[in-house]
1. Between a first residue in the range 472-493 that is assigned by TED's automatic domain parsing to the domain that holds Leu519 and a second residue that is among the hydroxyl-bearing types (Ser, Thr, Tyr) and in a loop (DSSP other than H, G, I, E, B), which pairs have beta carbons less than 7 Å apart while being 6 or more apart in sequence or on different chains?
2. State all residues of the range 186-205 that are over 22 Å from Glu313 (Cβ atoms) and either basic (Lys, Arg) or buried (at least 21 other Cβ atoms within 10 Å of the Cβ) (or both); if no residue qualifies, say none.
3. Restricting attention to the range 58-89, report how many residues are surrounded by 12 or more Cβ atoms within 10 Å (Cβ to Cβ), under 31 Å from the mean Cα position of the chain (by Cα) and not in a helix (DSSP H, G or I).
4. Checking Arg28 against (1) crowded, with 21+ Cβ neighbours inside 10 Å; (2) charged (D, E, K, R); (3) touching a strand residue (DSSP E or B) at 6+ places or on another chain (Cβ under 7 Å): exactly one of these is not met. Which one?
5. Return the residue satisfying two criteria in turn: it lies in the range 94-107 and is surrounded by fewer than 24 Cβ atoms within 10 Å (Cβ to Cβ) and in a loop (DSSP other than H, G, I, E, B), and of such residues it is nearest to the chain's Cα centre (by Cα).
6. If you take the residues in the range 298-314 that are in contact (Cβ under 8 Å) with a residue 40 or more places away in the chain and not polar (S, T, N, Q), which one is surrounded by the most Cβ atoms within 10 Å (Cβ to Cβ)?
7. How many residues are within 20 Å of Met279 (Cα to Cα), of a type in the set (Gly, Ala, Ser) and surrounded by fewer than 17 Cβ atoms within 10 Å (Cβ to Cβ) when one looks only at the range 215-233?
8. Report every pair of residues separated by at least 6 positions or lying on different chains whose Cβ atoms are under 9 Å apart, first residue within the range 197-212 and without any contact (Cβ under 8 Å) to a residue 40 or more places away in the chain, second of a type in the set (Ser, Thr, Tyr).
Amino acid sequence: MHRTLPQRILVRAPNWIGDAVMCEPALRGLRSLFPPAELTILAKPSIAELYTGCSGVDQVLVYDDKGTHVGIAGKWALAGLLRRHHFDLAVLFQNAFEAAFLAWLAGIPRRYGYATDGRVLFLTQPVAVPRPESLVHQVEYYWNMLKPLGVSGDAPLPTLHVSTVEDRIVDDRLASAGIDSAHLMVGINPGSTYGSAKRWLPERFAEVAQRVVRQLEKEAGVGVAVAILGGRGEESLGKNIASRLDCRSIVLSGTTTIRELMALVKRCRLLITNDTGPMHIAAAFGVPIVAVFGPTDSRTTAPYGQEQSVVREPVDCAPCLLRDCPIDHRCMTRISVDRVYETAVNQMERASGLSCSSGLFGLSGALGSDFNQTNQTNQTNQTNILSGYTIFLDRDGTLNADPGYIKSPDQLELFPGVPEALAKLKRAGARLILVTNQSGIARGFLSHDDLAAIHTKVKDILDGAGASLDAIYFCPHHPDEGCDCRKPNQGMIDQAVRERGVDLERAYLIGDHVRDIELAKRVGVRSILVTTGMIRPQEIEGLKASTVAPEWIASSLTDAVDWVLSDAGQRSAQRNDGRVMHQ
């Protein structure tokens with residue numbers, strides 16, 4: 001790696017939705033390597049839309065290869081545009097020759113990427129392509145490309161975010177079809193832009209969706225609707241499936257933008273899908289998935305972190321990677337409705353996190369009957385349900401993206417939905433206390449005054465949303481100092497107990513790292529792990545099997561807050577029942 005750190009980085013994104021999602025952890029890894037640098041994404045229109053608002057990305061440039069940038073003149077114009085930005089490093093996740101040629105034509109002095117497609121002459125830092133026998137998941141493929149730059153370890157889970165405004169737009173659209181916030185929603189994605197070979201049979205999609213809806217309605221006691229998703233040209237397929245359903249449904253095939261699709265997928269409590277881009281979007285939102293695989297290789301493109309979601313038939317001719325099956329499509333026709341339905345049940349049960357299951361689907365993501373009944377009660381009357389409770393919050397990776405070391409207020413951006421989620425806790429009567437490790441002070445990356453300015457910005461944002469923090473505690477020490485306040489040591493919690501009178505029997509801790517969960521166990525509070533940080537699938541599986549397993553695993557702070565409200569409501573009801581029985 002060059003001694004001079006880059007100041008302006010151009011990232012050439014992959015061209016497919018699924019690949020772009022699987023590249024997202026590498027983007028965060030790149031940002032963590034060069035926190036002060038300006039990071040710009042160059043992507044085709046649909047991918048540019050996906051990355052709009054992505055944490056850690058400063059700018060998105062659209063590569064319109066069907067319009068403005070078509071042909072030689074268009075490429076020349078694009079190169080001129082890139083040249084005016086004075087990038088000093090191009091990181092090329094897109095493997096084509098054209099990506100390297102454009103970076104060279106734009107005069108970008110450092111051009112970094114895999115040595116594929118005959119483009120080595122246009123790369124100043126070519127990375128050796130992995131050997132075919134060393135098969136890795138595509139998420140790891142992108143992540144590993146950055147290892148010569150300094151990234152280490154395994155890739156974290158992909159994450160995506162949509163704004164509360166985008167959530168409301170989708171809610172309004174669903175409401176116009178008679179699907180309100182009380183409905184659970186099952187998504188099905190029966191198409192594939194790649195080709196017909198990747199498509200499971202439409203009548204089987206309809207049958208398994210119908211069975212899931214019936215079971216959910218029976219177990220959860222609430223209305224369930226089916227959302228049929230898909231791209232342009234798949235409208236008739238969506239209507240065909242809808243005509244086979246006798247439950248409430250909405251056909252959204254070909255009618256959504258990428259951002260709307262993201263918000264819709266996030267709204268689902270289960271997605272049944274072929275191997276497609278929406279499958280990876282669902283994985284990034286932590287939505288339980290059933291993924292039907294045929295001609296493609298699930299070892300490299302399964303939903304990352306949900307590899308158990310895959311249903312495939314081990315036929316000799318798969319994976320063939322063909323767009324259209326030249327024989328009898330046996331890799332798909334041999335997959336039965338029963339197998340897909342059983343996987344759906346297992347996936348929803350797994351999504352119950354680590355709590356004891358209740359009924360068929362446990363307490364997961366508003367799927368279980370106990371969770372739903374309590375959650376509906378909380379939605380109508382959450383006032384003071386958390387009176388006397390304290391919620392300890394980690395900062396980086398939990399409230400905001402973690403780019404490495406945040407050195408100024410300009411670098412801090414809260415995740416979408418965080419102020420609203422914390423305001424919900426405040427309305428329920430909770431106290432909010434931030435506990436954060438800030439070794440950047442000891443390392444000389446920022447001063448106490450810098451940190452104070454950053455936290456002033458956090459407080460100003462949250463105060464404006466009705467989610468004011470009651471206290472902030474931070475550890476400024478280097479990990480090697482052996483202080484008692486650096487998490488997972490409990491010094492900050494002990495200080496909060498002394499100064500704020502915290503009742504640890506009525507406290508929760510929400511964080512994105514193993515050390516947050518370890519701290520919660522040490523002090524005896526209930527813990528929720530959010531997967532919005534840099535935690536890796538292996539770490540999550542290790543936590544589940546350990547003695548420090550969290551009470552809940554959430555895909556976002558919003559999901560974590562909903563679970564806290566439900567859990568506190570259940571604990572309150574149990575205490576009241578105990579008092580009645582005692583009397």
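The values are calculated or read from the model by the stated rules, or taken from the named source; none is laboratory data. Because the structure is predicted, anything quoted here is derived from the model rather than measured. Positions of Cβ are generated from backbone atoms using ideal geometry, with glycine treated the same way; all protein chains shown enter the neighbour counts.
1. Within 7 Å, the pairs are His477/Ser439; His478/Ser439; Pro479/Ser439.
2. Val186, Gly187
3. 12
4. All conditions are met except number (3).
5. Only one residue tops the list, namely Asn95.
6. Ala302
7. Final tally of qualifying residues: 1.
8. Correct list of pairs: Ala206/Ser243.
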